[in-house]
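This report concerns only the one structure given below.
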Amino acid sequence: MPLEIVRNDITKMKVDAIVNAANTSLQKGGGVCGAIFRAAGSSELQEACNQIGSCKVGEAVITDGFKLDAKYIIHTPGPIWQGGTNQESSLLQESYSNSLELAKNYQCESIAFPLISTGIYGYPKEEALQIAISTISSFLLQHDMFVYLVVFDKSSFGISKKLFQSIDEYIDENYVDEASITFNRNRQEPYVLEELFEDEPLQNEIFKEAEYSLVNMLDQLDESFSERLLRYIDEKGMTDVETYKRANIDRRLFSKIRNGVDYTPKKKTAVALAIALELCFEETMELLSAAGFTLSRSSKFDVIIEYFIQQANYNIYEINEALFAFDQPLLGA
Ligand code: AR6
């Protein structure tokens, strides 16, 4: 998916470019910067940085990736947190947007960011994450690139406490765990086919009839997923581009879905499209059913999606933050 939040060590990412939360003199430091220097080869990378000299806060420069899997390292010094009154937010925004522009100029198709400024520079993580997501997502509205936001440790990640609590309560009230469903279900003995079809002529008749009605049913299939999707896109007055961008879906996958009448997407992709189209709960269920899916109360993922739809909150990045916080797969593809 175009924007993905992942938990990893950024030096292990297999992407065209990784971003270094640098200092303005481009010297090897601690935190993610130290890890990147060590993994790339400290002396070669330092030499390349020395040739560039320095970089202003919010700006970005590029070097080779040396021993890393990544072809390039983009270095951007984020702002030092000084209480929020020293243009920290716009400078942090610039760090992300200038890094993305530089990656685009170097024809990068994929890039991985750490949460810039949120370690040694002390930027509050929740706010920094919001800035990262909104800056990256507005860049992605205009450009095609795979962007990874790499979160090192889970504690460094936080959706707002209020949202977390509210989703948690919703899950508590609505989530029915599998164990209790199985326990409550009335067991039924399965039919024994041989007993039903002891009489051979009758058996043939029944099969013939079944075959006939099956042919009939196959002739009258409901709309396919892609047909239903296209109908919704038209009804909502959206364009294809708006739809796949808002669904956090790659253009190529979207055209596969669009052009393949019988193409069945993954559930997280189908849900992402429902969110992009701002479908209400019933419409979402209708779209999902065309791909053979549903939303149930026995899956945490499903309950979280239901929560956001009931709140009419269709911000896919916010939904993904919540899914990430509850260890669920993210929307998009
Ligand atoms: N992979 C991904 N994220 C990481 C990794 C890693 N290997 N290691 C740390 N983080 P910081 P800053 C996270 O302090 O605040 C350096 O000395 C970490 O949990 O590395 O921008 C520079 O040279 C945190 O969320 O960068 C500068 O002098 C995030 O990366 C100064 O620190 C950023 O933390 C920059 O400070």
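At-a-glance table
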item: Over 23 Å (Cα to Cα) - which of LYS104/LYS125; LYS71/LYS104; LYS236/LYS256 fall in this group; result: LYS104/LYS125
item: Net +/- balance of residues flanking ALA40 in space, Cβ distance below 15 Å, scoring K and R +1, D and E -1; result: 0
item: Counting DSSP beta bridges with both ends in region 3-158, the antiparallel % (nearest 5); result: 20 percent
item: Potential extension, GLU318-LEU141 segment - 0.36 nm per residue separation minus Cα distance; result: 62.1 nm
item: Linear extension gain, GLN311 paired with SER43, 0.36 nm per residue minus alpha-carbon span; result: 91.2 nm
item: Translational D in µm²/s for region 3-158 (Stokes-Einstein at 25 °C, 0.890 mPa s, Kirkwood Rh from C-alpha pairs); result: 162 µm²/s
item: Among 247-253, 49-55, the order from most to least packed when residues are scored by Cβ within 10 Å on average; result: 247-253, 49-55
item: Relative contact order (percent, whole number), region 3-158, Cα cutoff 8 Å, 6+ residue spacing; result: 31 percent
item: Gain upon complete extension [THR294, ASN174; 0.36 nm per residue less C-alpha separation]; result: 41.6 nm
item: Residues ASP222 and ASN86, FRET efficiency given R0 of 56 Å [Cβ-Cβ distance, rounded to 0.05]; result: 0.45
item: Most to least packed among 236-242, 170-176 [average Cβ atoms within 10 Å]; result: 170-176, 236-242
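Coordinate-derived values only; no laboratory data. In this text, all values refer to a predicted model and were calculated from it rather than measured experimentally. All Cβ positions, glycine included, derive from the backbone under ideal geometry; neighbour counts span all protein chains shown.
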